[in-house]
Amino acid sequence: MLSRTEYAAKATSTRDILSTDFAVIGLGAVGAATLYQLAKRGARVIGVDRYLPPHPYGSSHGAARVTRSAVGEGSAYVPLVRRSQEILSDLERTFNADLMERAGTLIIGSDRPTSGEDFVEATVKIAKQHGIEHELFSSAELKRRYPTLIGLTDTDYGYFEPKSGFLRPEPIVSLQISAAEQLGATVLTGSAVEHVSQENGWVTIGMGNHQIRARHAVIAAGRWAGEMLGPSFDGLLTVTEQRTFSFMQEGSAGYHPDNFPALMWFRSAVADQCVTAFPQSDDGAVSFFVEDTDTRANIDNAARDFFERDVRPFFRGISPRMAGSDLCYYTTTPDGGFIIDCHPDHDRLLVLSACSGHGFKHSLAVGELAAQLLLENDTSIDTAPFSARRFHV
């Protein structure tokens, strides 16, 4: 983070100075939710983004994101995802919007995992602990219900949440930004933040032709957050490139949302590596994702290799013809957990990093928590598990 003196030395042009109570930097999933929740409460707020959100340069784009109530990553996330689902339903009712496909979510794994960790078992435990509706399927039942899954083994079993499914990220982000503007928020896009500093009870933000003076600022900048926050966050937040692929079906292969759910499959044949698959989109394409797939290869070569390794051996009725591909950027902490906390050295900077990979489904509630922290100094959900201080920053 530049000091005010360093920033002044870099500034070469006169900027419009805008004053506000709150500024939200980054308008992806979490930033858009925070902007909306602050505006909904009548706060004076400015949201800023270096691009025009929703855009394809972060981790809040693409056709779908899995949502599930029993979050195998830990019980601390269950209140977040449940509240996010409540907010989502309210948005759908209020704005007559279609933001989620309730196709159900299926998680498959082996009862003899090679990694020593049974994610399905952890999910079932959390579902029972929190009274979440679910069904368990044996390997035989999975093969009967989902004949397109040809890579199932006799040790596989499944956890199914009938009321879950997948979210539509871009409409969710876009709706919250436009709703916030209707409520009086100001949105500035197309200019990168060059400087953030706190002094004398004000946060100064420099970007393009504007300088913003805010009483509080929210850093929800995803892949750019580490650079923006400086030591020690620049070493704490790790950014990786991730790629998804979509392939066309061969005829009507059975991937319609009516009979195929959002899927997370920890495949025992490949050391329990998880593939995520979504029901067909309107054009008939089916999307797949495996974390840490090589993003450096030529896209056509990468698609061919991905299909042969992760699709053909496990899914029946998918053509090798690529229908599309998206590149996104994960931003993660060392333990994969979220940060919802004030900067340890700057009490007027609220840092939000709802880590990529399982963050989108929680983002609506994270935005509400941010608004509560800033306006009410209290929260409806315990934020202690998401303290930055667990990393000794």
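The values are calculated or read from the model by the stated rules, or taken from the named source; none is laboratory data. On a predicted model such as this, the values are computed, not experimentally measured, just so you know. Glycine also receives a Cβ, built like all others from the backbone with ideal geometry; neighbour counts cover every protein chain displayed. SASA here: full protein model, heavy atoms, side chains in, ligands and nucleic acids out. Shrake-Rupley method; radii C 1.70, N 1.55, O 1.52, S 1.80 Å.
Numbers for the structure displayed
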quantity	calculated
Mean accessible surface per residue for the chain, computed with a 1.4 Å probe while every protein chain stays in place, in Å²	43
Charge tally in the Cβ shell below 14 Å around residue 54, where Lys, Arg are +1 and Asp, Glu are -1, residue 54 excluded	0
Sequence-distant residues sharing a close amide H with residue 150 (under 5 Å, placed H)	315, 316
Charged-residue dipole, Cβ positions (Lys, Arg, Asp, Glu), the chain about Cα centre, Debye nearest 20	380
Over the chain, volume per residue of the alpha carbon convex hull, in Å³	140
DSSP-defined antiparallel bridges as percent of all bridges, the chain, nearest 5	70
Over the range 260-343, relative contact order from alpha-carbon pairs under 8 Å, at least 6 apart, %	16
Cα gyration tensor shape of the range 195-336, rounded if a/c is under 1.5, else prolate or oblate by comparing a/b with b/c	prolate
Alpha carbon centroid spacing (whole Å) that separates the range 42-69 from the range 81-133	21
Accessible-area composition of the range 1-157, carbon plus sulfur, in percent [1.4 Å probe]	48
13 Å beta-carbon shell around residue 124, net charge (K/R +1, D/E -1)	-3
HN-Hα J in Hz across the range 51-68 - Karplus 6.51, -1.76, 1.60, θ = phi - 60°, x for Gly and Pro	10, 9, x, x, 10, x, 10, x, 9, 10, 10, x, 7, 7, 9, 5, 10, 7
Mean Cα-pair separation over length for the range 256-306, i.e. relative contact order, pairs under 8 Å, 6 or more apart, %	24
Charge dipole of the chain about the Cα centre (unit charges at C-beta), most positive-ward option of 217, 67, 275	217
Carbon and sulfur %, accessible surface of the range 288-377 computed with the full protein complex present, 1.4 Å	41
Cβ-based charge dipole, the chain, positive-most Cα from 184, 372, 31	184
Dipole magnitude of the range 155-244, debye to nearest 20 (Cβ charges: Lys/Arg +1, Asp/Glu -1, about Cα centre)	220
Shape call, the range 190-249: gyration tensor on alpha carbons, a/c limit 1.5	prolate
At most 15 other Cβ within 10 Å, DSSP loop - GluC sites (Glu not before Pro), the range 120-194	133
Within straight-line cross-link reach of residue 163, lysines at Cα separation under 22 Å, skipping those fewer than 8 residues along the same chain	125, 128, 143, 361
Nearest-20 debye value, the range 262-327 charge dipole, Cβ charges on Lys, Arg, Asp, Glu	280
Protection proxy ranking, peptides 289-297, 257-265, 33-41, 149-157, average beta carbon neighbours within 10 Å, highest first	33-41, 257-265, 149-157, 289-297
